[in-house]
Amino acid sequence: MENKQFEDVFEAKLAKNEMIEPKDWMPDNYRKHLIRQISQHAHSEIVGMLPEGNWITRAPSLRAKVVLLAKVQDEGGHGLYLYTAAETLGTGRDELLEALHTGKAKYSSIFNYPTLTWADIGAVGWLVDGAAIMNQVMLQRTSYGPYARAMVRICKEESFHQRQGYEIMCHLSFGTAEQKAMAQDALNRWWFPTMMMFGPPDSESPNSENALKWRIKRESNDQLRQRFVNQTVQQVEYLGLTVPDPKLKWNEEKKGYDFSEPNWVEFKNVISGNGPCNKERLAARNQAHKNGEWVRAAAQAFAKKRAQKIAA
Ligand code: FAQ
């Protein structure tokens, strides 16, 4: 077939809402776009283990510890599914990790903020996982098969994570005055960084046009951010807390809230490597990778020996 014919088959599949699979022909830019997004997503999952992981030893009860441990392990699993999905596009795991460890690759801005108190663990589960789900539900129907299928399980697990976080916020908000103040303080610090997770405004999002055209994204950054605010305000009200945005106001005409934009200068600064914890996160990732070297070497040696045994 000529290139044009391959392109027609690709376009026809997208038009019919069919998935593109690893062995199908796809435009180079589609492949590059997916490798970029899926690998950034994978990096976010494993870097996202760090701010919560640092609270496992300080969880206030055995139950809280077990639940948090399970959540952090889930995030590691999400990273694995996503790296595997990226590998089906012809890129190696070593190459992707190298880009993360040298600071070339992006990961979600949100994980460059510190988790200062136990309430932050509640806020991360509730708001950060809540925003992640808002974005990822549409990705279960993204056009690339392995990515879409990975997202099904990820979304189920993220729902549990969101509930884990909201449960912590409920305990604190309905607890003592001091606990409620901790919950409010965490909400104050995580609200705007969470809004940044959806990416820059549509008018400044260079990747959105292709992402929407190729059905990689099904909704825009601003649409998802708006839906997140609409849904979350009611949850804040139930807790008896206050959204730290004086401009937040119900707009009957659009049937949604008006709200302040996050500080986009701060966002650009964080994604350029200069957020509060960027250096700490990269150092921790590099150290973890180094510590795991013997495990990778042992696994490879075992696989080699097994292959030799089968061949013999
Ligand atoms: N942080 O043109 P757009 C989670 C970059 S998972 C850092 O709008 P796009 C689970 C963007 O890459 C959270 N960089 O880009 C969990 C691009 O740079 P590039 C991660 C950002 O791709 C919870 C440039 O700005 N979720 O939380 C961010 O169309 C708790 C221009 O932006 C996903 O990755 C940001 N927030 O839209 C784990 C979901 N926003 O590459 C542990 C999949 C934008 O051109 C604990 N990804 N940038 O150099 C997506 O849906 C999209 O990639 C967006 C960005 C929405 C993140």
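The values are calculated or read from the model by the stated rules, or taken from the named source; none is laboratory data. Because the structure is a prediction, the values reported are computed rather than measured. Here the Cβ positions follow ideal geometry from the backbone for every residue, glycine too, while neighbour counts run over all protein chains shown. For the accessible areas, the whole protein counts, side chains as well, though only heavy atoms, and no ligand, DNA or RNA atoms are used. Shrake-Rupley method; radii C 1.70, N 1.55, O 1.52, S 1.80 Å.
Looking at region 97-112, which of its residues are within 13 Å of the ligand (Cβ to nearest atom) and assigned to a helix (DSSP H, G or I)? Even if it seems obvious, please write down each step before you answer.
Step one: filter region 97-112 for residues within 13 Å of the ligand (Cβ to nearest atom), giving 99-100, 103-112.
Of everything in region 97-112, those that are within 13 Å of the ligand (Cβ to nearest atom) and assigned to a helix (DSSP H, G or I) turn out to be ALA99, LEU100, SER109, ILE110, PHE111, ASN112.
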Selection status of ARG218, charged (D, E, K, R) and at pLDDT below 95: yes
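In region 1-96, which helices (runs of 4 or more DSSP H) lie fully inside it and hold 1 or more residues that are more than 13 Å from the ligand (Cβ to nearest atom) and open to solvent by 60 Å² or more (accessible area, probe 1.4 Å)?
Numbers: elements: 3-15, 28-47, 49-53, 62-87.
Ranges flagged: 3-15, 28-47, 62-87.
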Residue in region 129-137 that is more than 14 Å from the ligand (Cβ to nearest atom), of a type outside the set (Lys, Arg) and open to solvent by 50 Å² or more (accessible area, probe 1.4 Å) present: no
Total residues in region 160-193, condition open to solvent by less than 50 Å² (accessible area, probe 1.4 Å), in contact (Cβ under 8 Å) with a residue 12 or more places away in the chain and either assigned to a loop (DSSP other than H, G, I, E, B) or within 14 Å of the ligand (Cβ to nearest atom) (or both): 9
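Restrict the check to region 282-304 and report whether at least one residue is surrounded by 10 or more Cβ atoms within 10 Å (Cβ to Cβ), under 30 Å from VAL233 (Cα atoms), touching a helix residue (DSSP H, G or I) at 6+ places or on another chain (Cβ under 6 Å) and at pLDDT 95 or above.
So the first thing to find is which residues in region 282-304 are surrounded by 10 or more Cβ atoms within 10 Å (Cβ to Cβ), and the list is 282-290, 292, 296-304.
Retained after the next criterion (residues that are under 30 Å from VAL233 (Cα atoms)): none.
No: region 282-304 contains no residue that is surrounded by 10 or more Cβ atoms within 10 Å (Cβ to Cβ), under 30 Å from VAL233 (Cα atoms), touching a helix residue (DSSP H, G or I) at 6+ places or on another chain (Cβ under 6 Å) and at pLDDT 95 or above.
Among the residues of region 263-279, is any at pLDDT 95 or above, surrounded by 10 or more Cβ atoms within 10 Å (Cβ to Cβ) and more than 20 Å from TYR113 (Cα to Cα)?
We begin by selecting, within region 263-279, every residue at pLDDT 95 or above; these are 263-279.
Those left that are additionally surrounded by 10 or more Cβ atoms within 10 Å (Cβ to Cβ): 263-264, 266-279.
Within this subset, residues satisfying the condition of being more than 20 Å from TYR113 (Cα to Cα) are none.
So far as region 263-279 goes, no, none of its residues is at pLDDT 95 or above, surrounded by 10 or more Cβ atoms within 10 Å (Cβ to Cβ) and more than 20 Å from TYR113 (Cα to Cα).
Please enumerate the residues belonging to region 200-245 that are hydrophobic (A, V, I, L, M, F, W, C), open to solvent by 60 Å² or more (accessible area, probe 1.4 Å) and more than 10 Å from the ligand (Cβ to nearest atom). Walk me through how you get there before you give the answer.
So the first thing to find is which residues in region 200-245 are hydrophobic (A, V, I, L, M, F, W, C), and the list is 211-212, 214, 216, 224, 228-229, 233, 236, 239, 241, 243.
Pick out the ones that are also open to solvent by 60 Å² or more (accessible area, probe 1.4 Å) and you get 212.
Listed by number, the list is empty, since nothing qualifies.
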